[in-house]
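The values are calculated or read from the model by the stated rules, or taken from the named source; none is laboratory data. Everything numeric here is computed off the predicted structure, so don't read it as measured data. Note that we place each Cβ from the backbone using ideal geometry, even for glycine, and neighbour counts take in every protein chain shown. Only protein heavy atoms, including side chains, enter the accessible area calculation; ligands, DNA and RNA are left aside. Shrake-Rupley method; radii C 1.70, N 1.55, O 1.52, S 1.80 Å.
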Amino acid sequence: MKTTDTTIDFGTFWEGVWKENPVFVMMLGMCPTLAVTSSATNALVMGVSTAFVLVCSGALVSMLRYLIPKEVRIATYIVIIATFVTIVSYVLQAYAPEIYKVLGVFVDLIVVNCIILGRAEAYASKNSVLRSVVNAAGMGAGFTFALLCLGAVREILGSGTLFGVHLFSAHFQPWLVMVLPPGGFFVLGGWLLLFNWLKQRVASAGTLQEETARAQ
Amino acid sequence: MHNESLTFIFLQSAVINNFVLAMFLGICPFLGVSGRVNTALSMGLATSFVMLISSICAFGLNLILVHYHMEFLQLISYIAVIASAVQLVEMAMKKFSPALFRALGIYLPLITTNCAVLGLALFQTMRHYSFAQSLAFALGAGVGFTLALLLMSGLRERLLLANVPNVAQGAALSLMLAGILSLAFMGFGGLGSL
């Protein structure tokens, strides 16, 4: 095994939130992103559940990384992830049955969220326990942030509320399609457009500065 | 559940509640493999086949789990069954049709983490479908998935020639397209509820 960098700094956490945001940059875990973000509350619960599974499975995979035979590693990861998802699913059923009813099958589908398996394979199996946990927490935070971005926009436009609080007067005409399936695609597409535009502006500002510096 | 005839279940999972466009299952391959019509078709067919097999397996497995009161193992056993079903399909295909195996390449093992397959197994258990109903459901879901992939890949092949603004290239545009497709599929909404 290669000697890996063992320092833990803020970057280990932050890269998951911003530079390698699982939803906006890596386009992973699209299904829950689109399906459960019809309100900000759902988005938050889904994000936190996924983050919990990410951190726990990251820790366990990292602890067992010398014990798991290479040939069956994917199957082992899946079983570890499925165990934690079952825990989350039962906890939600016990303490938040209304939210569980809304999220429904998508809680169980955290198992096949590619972010979690991807992190287990690409990061936790190669790094120390603490590093894996910090990185998984960052990824979880990034995922929750992305879900909240979508959920908030869709809830405000689609039902005129945020976390169930009414924002507008009674004359507000809800834009119903935003909470329906097409709205999910449109809002995520819109966010990606915005980020692309920002990235291009930053890039072109960079080249402009370089050119002026060269001209001088 | 008065109108749960086999035809209705098939139609419902194929177009009314299309797995990709209305229930957001299997978005990853939908965005990743829909670049060309050929690969989209093979991917759709392979996924449909795995759906059918895992639906049958999940039905049998659920009977066993319910009999021994071990429903909490549902998730773990389903995902294990799907993973082995994919492995089996892969081995069978390698032996009997190497050409198709090469054409599908990396997409075949990735079906394991396709949420449409696991979602199908979970839905059929949740709705207490009979064996025949499960089969109709799986077939419909497969047809719907293939249909969505084909439509999307056709559109994207056209888009390659279109002149779109720089910011909109790539995933953003695909998502907007998917939104419009999804709007179109909402038109099937009232079907079957006569």
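Would you say A:T4 is at pLDDT below 90, outside any helix (DSSP H, G or I) and either open to solvent by 20 Å² or more (accessible area, probe 1.4 Å) or under 27 Å from A:E155 (Cα atoms) (or both)?
yes
Residues that are more than 14 Å from chain A (Cβ to nearest Cβ) and at pLDDT below 90: list the helices (runs of 4 or more DSSP H) wholly contained in the range B:102-194 that include at least 2 such residues. Before you say what the answer is, go through the steps one by one.
On the way: elements: B:107-110, B:115-126, B:131-159, B:171-185.
Passing ranges, in order: B:131-159.
Checked against the criterion of being in a loop (DSSP other than H, G, I, E, B), within 17 Å of the chain's Cα centre (by Cα) and buried (at least 24 other Cβ atoms within 10 Å of the Cβ), the range B:33-47 contains one or more residues that satisfy it.
Among the residues of the range B:59-110, which ones are among the aromatic types (F, W, Y), more than 25 Å from A:L117 (Cβ to Cβ) and surrounded by fewer than 19 Cβ atoms within 10 Å (Cβ to Cβ)?
Narrowing the range B:59-110 to residues among the aromatic types (F, W, Y): B:59, B:68, B:72, B:78, B:96, B:101, B:107.
Adding the requirement that they be more than 25 Å from A:L117 (Cβ to Cβ) leaves B:59, B:68, B:96.
If the condition is that a residue be among the aromatic types (F, W, Y), more than 25 Å from A:L117 (Cβ to Cβ) and surrounded by fewer than 19 Cβ atoms within 10 Å (Cβ to Cβ), then B:Y68, B:F96 are the ones that fit.
Test A:V187 against the stated conditions and say whether it is at pLDDT 90 or above and open to solvent by less than 40 Å² (accessible area, probe 1.4 Å). Before the answer, list the steps.
Details: at pLDDT 90 or above: yes; open to solvent by less than 40 Å² (accessible area, probe 1.4 Å): yes.
Taking the combined requirement at face value, the residue satisfies it.
Enumerate the pairs (first residue in the range A:54-71 and farther than 21 Å from A:N113 by Cβ; second residue anywhere and open to solvent by 60 Å² or more (accessible area, probe 1.4 Å)) with beta-carbon separation below 9 Å, excluding pairs fewer than 6 apart on the same chain, so at least 6 apart or on different chains. The qualifying pairs are A:Y66/A:M1.
For the range A:32-53, the candidate set comprises residues that are within 11 Å of the chain's Cα centre (by Cα) and open to solvent by less than 40 Å² (accessible area, probe 1.4 Å); within that set, the residue that is nearest to B:G179 (Cα to Cα) is A:T33. Restricting attention to the range A:88-139, the residues that are open to solvent by 20 Å² or more (accessible area, probe 1.4 Å), closer than 13 Å to A:C56 by Cβ and touching a helix residue (DSSP H, G or I) at 6+ places or on another chain (Cβ under 8 Å) add up to 4. Just one of (1) crowded, with 18+ Cβ neighbours inside 10 Å; (2) in a helix (DSSP H, G or I); (3) within 19 Å of the chain's Cα centre (by Cα) fails for A:W14. It is (1).
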